[in-house]
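What follows is a single structure, written as C-alpha cells, with notes after it.
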Amino acid sequence: MTRRGQPRPTLPQHLLGVDEARQRILEHFAPLPPRRVPLLDALGLVLAEPICAQESVPPFTNAAMDGYAVRADDTGGASRERPVRLRIVGEAPAGGATTRWRTDRTQRVEAGTAVRVMTGAVLPPGADAVVRFEETDEVDDPSPVRETVSIFRPVSAGENVRPAGEDIRAGTTVLHPGTILGPAHLGILAALGRTWVLVHPRPEVAILATGDEVVPPDYPLYPGQIRNSNSYTLAALVRQTGGIPRLIGIAADQEADLEARLRAARGADLILTSGGVSQGDYDRVKEFLRARGRFEIWQVRIKPGKPMAFGFIDGVPVIALPGNPVAAVVAFLQFARPALLRLLGYPELEPLRVRAVLTRRIDNSGQRRHFVRATVEVRDGTLLVTPVPNQGAGVLSGLVAGNCLAIIPEDWPEAPAGSLVEVEFYEPSQVYRLLATRMLNATIPEGSPPT
Ligand code: AMP
Ligand code: MG
C-alpha cells in the first residue's frame, strides 16, 4: 500500500545482469553516418574514408641539417688535420628556389664544390650528402663572406639528406577507415593537403535531470532542495567520451514537464536522464517513458544503482540512469559509454581493466556486480587496490578520492582481503599514471644499457 492508501500499481520489473542490460542497449546502436568535419574537430574521431597520398611527403629531396651540400665522394679521408677544401658555389635557404650566388646558372654541385644549405632546402642537383656546419671550418670562422669551406669529416651518400617520399610515398594508402585520429594522423592529413576529413561525427547527447528537489547550481537552496550535480558530471563524461553534451534542464516529477523538456531533445543522438526510475512514489520518469515510448524498465544487478530504463522517444534512444550521483556515473560507464563509443564507430567498447590484489574485505550480499570506489597503487611491483572509506551511492567525493572501480562479481557474497579483483578506470589519465609508475618501478633486465 502507498500514499492515500491506494495499492501501488504493480509494474513488471525485469531483473537483468549487467552484461545482458548492456547487450540489450548496444543492439540499438551503430556508428553515426559519416560526415565531413574540419581537421581540428576530428581529434579522437574514427576515420570513415581511406586516405590515399596524392603527393609524396616530403615532396622533394632536402637537407636534413644546416651545412654544406656536397658530393660524398669529394669528402673521402677528410679530417680536422687534413681537411678537404671545397669551393662554395651558392646558397639554398628553405623555401623557394635555390638562390644563385654570383652566377645565373642553375646551382649544381660539381666535383670540388659545395652549396651552403639550410635544413629543409631542396638538395641542389649533383649533391648527395650534407656536411653539418659543425664539421666544417665555419664553426671556427663564421664570417659571412667566404669562398671556400674546409670539411673535417667524410660523409657517405645520403647522409643528412631526407629523400622525397621518405615519410609518405605518393600513391600509397596511408590511413585506413576505422583509424582513430590522433595528433599525428591530423598532421599527416595536413601534410597531404587535407583540411576536411570524413569521420563518424560526435554524437549529440541531451542530458535531463529530474526531481522536484533538484535545482540549478546557481540557485539558492530552500529546505529539502539539492543542487543538480548529475547533469554536470554526465556532461563531462559525455565530453570525455567524445560526444557533445547538451543540458536540457531539470524536469519536475510530473509528466507535462517531462514531456516539454524531452521535446527539447529532438535531434539528439541520445538522451540521458537521471533520477525518477526507482521505486518511490514520485518516480515519474519510468511511468512517463512507459506511456510515451517503446520502453523497458529494468532492475539491473549493479551496485551502486539498480533501477534503470531504456527505450525510445520519437526515435531517439533514451538511457534513464539512476538519480544517486555515484550510481549515475557507474551506470553511465557501464551502459552509456559503450553506446557512445559505438555511435563514434570505435571498435573497442570495453574500458581498460587490470587485475589487482584487494587489501581489505568487501561485502557483496545482494548478488549484484559491485563497483567499489577504490584506489589502485603499485607497491613492490604489485598492484594493490584499497576501497575508499565512504561507499555511499551519493558520495561523489569517493570518486574523487579514488582512482578506479574495483569490480566484485555478482556471485561473490564477499571479496576477502587478498583476493584478485578486476579494476576499471574512469579517468584516462589514471591509466597513464599507473602505467608510468609500473614502468618506473620495473626492474631493468641485466645487460641492458643504462638509460
Ligand atoms: P531518484 O532516483 O530520483 O529517487 O534520486 C535518488 C537520489 O539522487 C535522491 O537523493 C535525489 O535527490 C538524488 N538526485 C537525483 N537527481 C539528482 C541530480 N541531478 N543531482 C544530484 N542529485 C540528484
Ligand atoms: Mg527523483
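The values are calculated or read from the model by the stated rules, or taken from the named source; none is laboratory data. What you see is a predicted model; the values in this text were computed from it and never measured. Glycine gets a Cβ as well: all are built from the backbone with ideal geometry, and neighbour counts include every protein chain shown. Side chains are part of the model used for accessible areas, which takes the heavy atoms of the whole protein and leaves out ligands, DNA and RNA. Shrake-Rupley method; radii C 1.70, N 1.55, O 1.52, S 1.80 Å.
What to note about this one:
- Distance from segment 266-290 to segment 12-68 (C-alpha centre basis), Å: 32 Å
- Length-normalised contact order for segment 180-278 - Cα pairs under 8 Å, 6+ apart - percent: 37 percent
- By accessible area, using a 1.4 Å probe on protein heavy atoms only, the chain has 53% of its surface on carbon and sulfur.
- Across the chain, the relative contact order, built from alpha-carbon pairs under 8 Å that are at least six residues apart, equals 15 percent.
- The alpha carbons of the chain give a radius of gyration and a Dmax of 32.2, 108 Å, in that order.
- Residue-normalised accessible area of the chain, given per residue in Å² at a 1.4 Å probe: 50 Å²
- Inter-centroid distance (Cα atoms) of segment 131-198 relative to segment 413-438, Å: 43 Å
- Assuming charge only on the beta carbon of Lys and Arg (+1) and of Asp and Glu (-1), the dipole of segment 261-393 about its Cα centre is about 180 debye to the nearest 20.
- Rounded tilt (10° steps) of 428-441 against the dominant C-alpha axis of the chain: 60 degrees
- Debye, to nearest 20: dipole size of the chain, +1 on Lys, Arg Cβ, -1 on Asp, Glu Cβ: 1060 debye
- Three-way shape call for segment 96-251 based on the alpha-carbon gyration tensor, with the a/c threshold at 1.5: prolate
- For segment 306-443: rounded, prolate or oblate by the Cα gyration tensor [a/c cutoff 1.5]: oblate
- Low-density loop positions, GluC sites (Glu not before Pro), segment 120-193 - DSSP coil, at most 10 other Cβ in 10 Å: Glu147
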